[in-house]
1. Identify, please: which residue in the range 72-102 is in contact with a Lys or Arg (Cβ under 7 Å, 6 or more places away or on another chain) and assigned to a strand (DSSP E or B) and is, among those, surrounded by the fewest Cβ atoms within 10 Å (Cβ to Cβ)?
2. Out of Thr90, Thr29, Thr85, Thr63, I need the residue that is in contact with a helix residue (DSSP H, G or I) (Cβ under 9 Å, 6 or more places away or on another chain) and in the same structural domain as Asp116 (by TED's automatic domain parsing). Which one?
3. Please pick out the residue among Arg200, Arg209, Arg164, Arg180 that is part of a loop (DSSP other than H, G, I, E, B), modelled with pLDDT under 90 and of a type in the set (Lys, Arg).
4. Kindly establish whether Ala105 is at pLDDT below 95, farther than 20 Å from Pro132 by Cα and crowded, with 18+ Cβ neighbours inside 10 Å.
5. Suppose the filter is of a type outside the set (Val, Ile, Thr), out of contact with any helix residue (DSSP H, G or I) (no Cβ under 8 Å at 6 or more places or on another chain) and exposed (fewer than 14 other Cβ atoms within 10 Å of the Cβ); does Pro144 pass it?
6. Taking the options Thr29, Thr87, name whichever one is β-branched (Val, Ile, Thr) and over 24 Å from Ala157 (Cβ atoms).
7. Do we find that Gly14 is within 16 Å of Arg120 (Cβ to Cβ) and out of contact with any strand residue (DSSP E or B) (no Cβ under 9 Å at 6 or more places or on another chain) in this structure?
8. Restricting attention to the range 63-71, does a residue exist that is of a type outside the set (Asp, Glu) and in a loop (DSSP other than H, G, I, E, B)?
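The values are calculated or read from the model by the stated rules, or taken from the named source; none is laboratory data. Small disclaimer: the values here were computed from a predicted structure and weren't measured. Note that we place each Cβ from the backbone using ideal geometry, even for glycine, and neighbour counts take in every protein chain shown.
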Amino acid sequence: MTFADHAAAYARAGFEIFPLTPRGKAPATEHGLLDATTDIEQIGEWWSRNPNFNIGIRPTEGTIVLDVDPRANGSLDQLGQLPPTWTAATGGGGWHLWFRYSGKARGKLANASGIDIKSRTGYLVAPPSIHPSGNRYVWLNKTPIARLPAHLRGRVAPATITARPSTRTPLRSNGEALVRYVEQAQPGSRNHALFWAACRAHAEGGDPRLLHELVTAAAGIGLTAREIEQTMTSAARRTA
């Protein structure tokens, strides 16, 4: 099967798909994750442009994926006892473990190293995509997606913050989604994610607090102060 065949098969199974750069993780479309679709015709058109595009997959509603990266000290031992679930081996030597979970999720698993959490606001590289190292992503099983174990739910859920009197207006839900989009950006697409989110924020009025939250999120995923400043400036100019 070709990459196009696999992409279409995911779409028929209900997973939203979009192309990534060959042997890479960066989106190959203008809007990246937001272009993800189950439209077979659109998927065919994308892969007709380049049959070697990797496959980006967006978790469905009610699912999350634990992205374990040994290169960042991630390990399966940090997860405790797990039920059998749909699992992929990544090209970088890690694992993607899929679970059913309908609550809110943070960007990284609490009390762990090297384990990111992917949800609807993020994406993963799907098998049989090829890692920059040349290794393929592969499915390890065809096990149905299991429910997230109870002992992990507290580590997946966002931290509870004690409320303090404040005159600040909470971020609108769309603003929170933009921040999450930046927080879950993949290496190679982080500048793009920040630029897109900042453009959206400016288009919706340029709430200073939201812009500050985006800067904080960008710093949290490893962008340098210079990269952030240049990207935020470019977004402001684009929407001026």
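1. Arg100
2. Thr29
3. Arg164
4. The answer is yes for Ala105.
5. yes
6. When all the criteria are applied, what remains is Thr29.
7. yes
8. Taking every residue of the range 63-71 in turn, none turns out to be of a type outside the set (Asp, Glu) and in a loop (DSSP other than H, G, I, E, B).
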